[in-house]
Amino acid sequence: MTAFGALAASSLDLLAYAPPGWGATLLAGLRNSVLIAFGAFGLGLAIGIGGAFGKLYGGPITRDLLAVYTTIVRAVPELVLILFLYYAVTGAVNEALLLWGYERIQISGVAAGIAVLGVVQGAYATEVLRGAILAVPVGQIEAARAMGMPPVLLAWRIVFPLMLANAIPGLANLWLVATKDTALLGVVGFAELTKATQQAASTTKAFFTFLTAAGLLYLALSLLSTVVFHRIEAWARKGQKRTGG
Amino acid sequence: MRDWLQPHRVVLIGLAVALVLACAWFLRWDWLAEPKYQLLIVQGIWRTLWILVVTMVIGMLLAVPLGLAQAAGPWYLAAPARAFCSVIRGTPLLLQLWLLYYGLGSLFPSIPGLRGSVLWPYLRQAWPYAVVALSLSVAGYEGEVMRGAFKGVPHGQLEAAKAMGMPRFAMFRRIWLPQALHRVLPTLGGETVLQLKATPLVSTITIMDTYAVAGRIRQDTFIVYEPLLMLAVVYMAITGLIVLMFRWFESRFPSKSA
């Protein structure tokens, strides 16, 4: 029992916020993770909205190109895409800069992480939003068209509010995927939560303590997100009839 | 076929073929000809495939009781099952893998008696940790899916079985489980693809799967993009195979519902 007590006490010392402990490092990692997840989710949402409307109402070439994009991104492991996009994006930016006569720049980890995960999220968001738009009753859209509403106004006033409720569960899932996918960026070397944890653990050799602590942080984040998304869904569904279950 | 092969598609396909030819011509592929790397690549693909199959099977076997416990079990079984699924789904797989391999792995040597036991040779290798972590991950995600599937079986079916005097286990085996599995089948292909995409994580605990082999080639030859392109092609090919296999599988169990 005393052995366990000592273990618990040393674990608490290691997780302390002040410098001998590694709490500050872990929290900084968590902040980076949340920042990247937020950015990637936002970028993915923007790509997804464009992609969904393009897939539904775009010309034949737009549709085919979008189909290629969503198929490839959903078939290749995120880890491979991250490596590939990371080298390709940073390489391309630097080539372009050299071409225009500027110096090479070091692209910040957060920006590259957001760009890479955003492209991945965009493919999934396209599919989620496409399904949600398809679930909007056709009569509503036809009624708006019959009233002579221009397409952009129609999208903003009719399709968007009605599809939101259908899209929220899928988007909530995507957000959770985004928070967890930030861990993959640790493999490429970004200082997000998993990477910070690994650094702390390999320095102190207290692998179990730190990995468990990081797990609890991720779990808290996902449980909190679930609660928030339930609220948002309830808000988006207000005024709709409840269907059983 | 006519409908599919529209003029713009011909142009797009032409562009794609040109792109592939340009990649084949201008990029460096000489490393593919080396027997050393060929052997590594084949071994890597084999490892990826067996890890995928083994973890999917074990995970599904675990998911059935997890789903059943949540759908119909008493609270002392339902609550732990739900907690397990939340924890697995709420934390990154990479972290779970490292927690098992580095975390538990670092605690094992301090347990007296374990070093001399028959388990020790296995505990010193990486693959048992990978199999356990990936199987538990499947169990967590699929347990949630199975819960919905068990709940979705129409109540009348179970009542009819009960009215016929069927024992509870026979009812489960003949009525409840087959119908639940039938409901899950369409999603299973997608879940298998997701699991395939999770397998490269095992390369972080020193297993030489396809992803690790490509990393090794990149380190040896200082070639940046080509091994990554090969990886993408290999994973897309496996994904295509999985999709085709499940499509065939599904066609053998036609669904009668409209």
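Every number here is computed from the coordinates shown, using simple stated rules; none is lab data. On a predicted model such as this, the values are computed, not experimentally measured, just so you know. Ideal geometry is used to build each Cβ from the backbone, glycine not excepted, and the neighbour counts take in all protein chains shown.
Work out, step by step, the length gained on full extension between A:THR204 and A:GLU95: first 0.36 nm times the residue separation, then minus their alpha carbon distance; give nm to one decimal.
Details: separation 109, 0.36 × 109 = 39.24 nm, distance 4.09 nm.
Full extension from A:THR204 to A:GLU95 adds 35.1 nm.
How long are the three semi-axes of the equivalent ellipsoid of segment B:20-74, in whole Å, if each is the root of 5 times an eigenvalue of the C-alpha gyration tensor, listed from largest down? Don't jump to the answer; show the numbers that get you there.
Values: eigenvalues 399, 43, 5 Å².
Each semi-axis is the square root of five times an eigenvalue, giving 45, 15, 5 Å.
Which FRET efficiency, nearest 0.05, do A:TRP156 and B:TRP4 yield, Cβ-Cβ r, R0 35 Å? Present the calculation step by step, with values, prior to reporting the outcome.
Values: r = 34 Å, r/R0 = 0.98.
Once the sixth-power term is evaluated, E becomes 0.55.
Here the Karplus curve 6.51 cos²θ - 1.76 cosθ + 1.60, taken at θ = phi - 60°, turns the phi angles of segment B:11-24 into couplings of 4, 4, 5, x, 4, 4, 4, 4, 4, 4, 4, 4, 4, 5 Hz, with x standing for Gly and Pro.
Given a cut-off of under 8 Å on Cα pairs at least six residues apart, what relative contact order in percent is computed for chain A? Result for chain A is 27 percent. Compute the distance in nm between two label points, each set 7 Å from the Cα along the Cα-to-Cβ direction, one at B:LEU39 and one at B:PHE253. It is 4.2 nm.
Give the angle, between 0 and 90 degrees and rounded to the nearest 10, that separates the Cα long axis of helix A:60-75 from the longest principal axis of the Cα atoms of chain A. Helix A:60-75 sits roughly 20 degrees off the main axis of chain A.
Using the Cα atoms of chain B to build a convex hull, what is its mean projected area in square nanometres? Please list the in-between numbers first.
Working: hull surface 83.1 nm².
One quarter of the hull surface, i.e. the mean projection, equals 20.8 nm².
In this structure, A:ARG104 and B:TRP75 have a Cβ-Cβ separation that, at R0 = 56 Å, corresponds to a calculated FRET efficiency of about 0.35.
If you bin all the Cα-Cα distances of the protein assembly as shown at 10 Å, starting from zero, the percentages per bin are 3, 15, 25, 27, 18, 9, 2, 0, 0. Beyond a 30 Å Cα-Cα separation, which of these cross-linked pairs lie in this structure: A:LYS238/B:LYS197; A:LYS195/B:LYS151; A:LYS180/B:LYS151; B:LYS36/B:LYS197? Those over the limit are A:LYS238/B:LYS197; A:LYS195/B:LYS151. For the pair A:LYS238 and A:ALA28, the difference between a 0.36 nm per residue extended length and the Cα-Cα distance amounts to 71.8 nm.
Summing Lys and Arg as +1 and Asp and Glu as -1 over all other residues whose Cβ lies under 12 Å from the Cβ of B:LEU201 gives a net charge of -1.
Once you average over the residues of B:96-102, how many Cβ atoms of partner chains fall within 10 Å of each Cβ? Let's see the in-between values first.
On the way: counts 4, 1, 11, 9, 1, 2, 8.
Going residue by residue through B:96-102 and averaging, the value is 5.
GNM remark for chain A: springs join alpha carbons under 10 Å apart, and the peak mean-square fluctuation among A:THR126, A:THR226, A:THR182 falls on A:THR226.
Given only helices, namely DSSP H runs of n ≥ 4 each adding -39500 (n - 2.57), what is the per-residue ellipticity at 222 nm of chain A, to the nearest 500 deg cm²/dmol? Can you show the working numbers first?
Details: 10 runs with 196 residues, N = 245.
Rounded to the nearest 500, it is -27500 deg cm²/dmol.
Put a dot 7 Å past the Cα of B:VAL243, heading toward its Cβ, do the same for B:SER86, and the two dots end up 3.6 nm apart. Estimate the FRET efficiency between B:VAL53 and B:GLN157 by the formula 1/(1 + (r/R0)^6), using the beta-carbon distance for r and 35 Å for R0, to the nearest 0.05. It comes out at approximately 0.65.
Convex hull volume per residue, computed on the Cα atoms of chain A, equals 187 Å³. Approximating the spin labels as points 7 Å out from Cα along Cα→Cβ, the B:LEU181-to-A:ILE72 distance works out to 3.9 nm.
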